[in-house]
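Below is one structure, written out as structure tokens; the observations come after it.
The values are calculated or read from the model by the stated rules, or taken from the named source; none is laboratory data. Note that the coordinates shown come from a computational prediction; the quantities given were computed from them, not determined experimentally. A quick note on method: Cβ atoms are made from the backbone with ideal geometry, for glycine too, and the neighbour counts reach across all protein chains shown. We work out accessible area using only protein heavy atoms, side chains counted, and drop any ligands, DNA or RNA first. Shrake-Rupley method; radii C 1.70, N 1.55, O 1.52, S 1.80 Å.
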Amino acid sequence: MKNLVSYPHNSIDVHLTAVERKKSSDSKRKLISIESNIRTDYTEYDLHFHENKLENIPVKPFYQSFKSDLQSLYDYQNSTIKEVKGHIEKLQVRTIRNTCQNCTINSANTLDHILPQGEFPEYIVNPKNLFPCCSQCNSYKNKHLEKDGEKLFLNLYLDNLPEEQYLFVDFEFDENDEIDFNYKLENKFKIETKTFSLIVSHYDKLHLLERMRLRANEVYSEIENSILSGLNKLSTEMIFEEIKENISNDQRAYGFNHWKCVLKLALISDMKYKKYIEEKKERTRA
Ligand SMILES: [Zn+2]
């Protein structure tokens, strides 16, 4: 996971443009009539965004009677949303631009409403409230707060991720010498409790440990193949050393706790894995 750069311009202009582009109708007239309320609330959003306190913005019953009018502004095919999506995309570094940073597994093919659009229709086209996301993560994000008012998900525009390792993976060989992986979160390096609980909640609500486990075998096959083909020229130590160097580059590009980096790190740091590779190498030679 990496932080994304948030929309740098005036958010309200996106809303105003979306209203302006609407065809003349009662709905458009209703939206024009609440323009000053929306302006005030966009300012409130910006202030909370700046302090990373979006969870303190209350639901405003006032907007419920304008809900369908506001929702009509958000159509994935319409030019305002396409422009915003394109704009947000271009702000990001190329390596992570098209991947959902909520999971780092799937493509970012949708936009998630950080404050859910059902409760906060006023922010439906607010570009600082829109986060590139995959449809799977998006489907798990139907509420944003715990009953006690705590956030359920990381906001990767704002929440700084720790540099310490918090994602780990265990592996075991089964009777057929196949490897089973098991991802887990552990606070081994004393990350601040509040930050760590938010990470746990984010992984839990998005089912990330299980989704990573399901993808691990596929990635693992690639790793094993590249190790085994390298063994024709290099020793196991040299190959592991090379993988280690690549992990540091990948961590910089994809985030320190990226599941693929964590997987590679676990393999090359494990004696029993080294033994397994060397036995496999012997078997191929025999
Ligand atoms: Zn995702």
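Structural remarks
- Matching residues, segment 264-286, being assigned to a loop (DSSP other than H, G, I, E, B) and either within 34 Å of the chain's Cα centre (by Cα) or at pLDDT 95 or above (or both): SER269, ASP270
- Only one of the listed residues (THR104, THR99) is within 16 Å of the ligand (Cβ to nearest atom) and at positive phi. That residue is THR104.
- Out of GLN117, GLN101, sole residue that is more than 17 Å from VAL5 (Cα to Cα) and in the same structural domain as ILE32 (by TED's automatic domain parsing): GLN117
- The lone exception for PRO162 - which of (1) under 30 Å from SER221 (Cα atoms); (2) in contact with a Ser or Thr (Cβ under 8 Å, 6 or more places away or on another chain); (3) within 15 Å of the ligand (Cβ to nearest atom) it fails: (3)
- Top-ranked residue of segment 133-156 - restricted to ones that are open to solvent by less than 20 Å² (accessible area, probe 1.4 Å) and touching a residue at least 60 places away in the same chain (Cβ under 8 Å), ranked as farthest from the ligand (Cβ to nearest atom): ASN155
- Consider segment 199-253 and keep the residues that are in contact with a His (Cβ under 8 Å, 6 or more places away or on another chain) and more than 15 Å from the ligand (Cβ to nearest atom). The one that is farthest from THR95 (Cα to Cα) is GLN251.
- Among the candidates ILE239, ILE247, residue that is farther than 30 Å from GLU51 by Cα, in contact with a Gly (Cβ under 8 Å, 6 or more places away or on another chain) and without any contact (Cβ under 8 Å) to a residue 24 or more places away in the chain: ILE239
- Residue ranges of helices (runs of 4 or more DSSP H) in segment 1-120 with at least 3 members buried (at least 20 other Cβ atoms within 10 Å of the Cβ): 11-20, 35-50, 79-91
- Residues of segment 107-132 satisfying the condition of being more than 16 Å from the ligand (Cβ to nearest atom) and of a type in the set (A, V, I, L, M): LEU115, ILE124, VAL125
- Test: residue in segment 78-99 that is in contact with a strand residue (DSSP E or B) (Cβ under 8 Å, 6 or more places away or on another chain) and within 25 Å of ALA216 (Cβ to Cβ): yes
- Residue in segment 111-126 that is within 30 Å of LYS190 (Cβ to Cβ) and either within 11 Å of the chain's Cα centre (by Cα) or in contact (Cβ under 8 Å) with a residue 40 or more places away in the chain (or both) present: yes
- Segment 16-63: number of residues that are among the polar types (S, T, N, Q) and either within 20 Å of VAL84 (Cα to Cα) or in contact (Cβ under 8 Å) with a residue 40 or more places away in the chain (or both): 5
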